[in-house]
Amino acid sequence: MKPINLSEKLALFSSHWDPHVVSDYNDNDVMVVKFKGEYPFHKHDTTDDFFYVLEGEMIMDIEGQPSQVVRAGELFVVPKGVVHRPRAAEEVKVLLIEPKGEPNSGDSDRAPSPKRRI
């Protein structure tokens, strides 16, 4: 049990769409990620998808609905089974919470990230 400085953890890597585990919460991975550009549309059949924007701004595209802008200090939860795509014009830093073993790529053709621990 000790504080985790998310800014320090985010400074350890520069890759995009590559979540890094910083802590455990029950049976979940707490991760930080940087992204820029767009991720493929996908869904998670058995879990919600949790995004908390730490720095920057992301856009969440939801199939069949208007896009939502999510700014620093805001969170966005995509319910399980909903097709979505996060994207960002400029680099954004995000906190994610996902069940251990859940591939970040959902049902897309993109290979899932290995989710290294830092």
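Key figures
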read-out	value
Alpha carbon Rg of region 6-118, scaled by the compact-globule rule 2.2 N^0.38 Å	0.97
Pair Glu55, Lys2: separation of 7 Å Cα→Cβ label points (nm)	2.2 nm
Pairs of Lys in region 7-99 closer than 13 Å at Cα, counting only those 8 or more apart or on different chains	5
FRET efficiency estimate (nearest 0.05) - Cβ-Cβ, Arg117 to Gln68, R0 35 angstrom	0.70
Residues Arg85, Arg117, Arg110, sorted so that the one with the fewest Cβ neighbours within 10 Å comes first	Arg117, Arg110, Arg85
DSSP-assigned coil residues among GluC sites (Glu not before Pro) in region 18-118, each with at most 15 further Cβ atoms within 10 Å	Glu63, Glu74
Residue order, fewest to most beta carbons within 10 Å, for Ser108, Ser15	Ser15, Ser108
Approximate spin-label separation Ala89-Asp27, in nm, with each point projected 7 Å along Cα-to-Cβ	4.1 nm
Computed [θ] at 222 nm, deg cm²/dmol, the chain (DSSP H ≥ 4; -39,500 (n - 2.57); rounded to nearest 500)	-1000 deg cm²/dmol
Spin-label proximity, Phe41 to region 85-118 - amide N less than 15 Å from point 7 Å beyond Cα toward beta carbon	85-87, 107-110
Cα-centred dipole magnitude for region 7-99, charges only on beta-carbon of K, R (+1) and D, E (-1), debye, nearest 20	200 debye
Fluctuation leader among Val33, Val77, Val21 - the chain, Gaussian network, Cα springs under 10 angstrom	Val77
Pairwise centroid distance, computed over Cα atoms, of region 7-58 with region 73-118, Å	5 Å
Cα gyration tensor, region 7-67 - rounded (a/c under 1.5), prolate or oblate	oblate
Residue among Ala89, Ala11, Ala72 with the largest mean-square fluctuation in a Gaussian network model of the chain, springs linking Cα atoms under 10 Å	Ala11
DSSP beta bridge pairing in the chain, given as percent antiparallel to the nearest 5	95 percent
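Read the figures in this text as sums done on the coordinates, not as results from a lab. Because the structure is a prediction, the values reported are computed rather than measured. For neighbour counting, all protein chains shown are included, and Cβ atoms are generated from backbone atoms with ideal geometry for every residue, glycine included.
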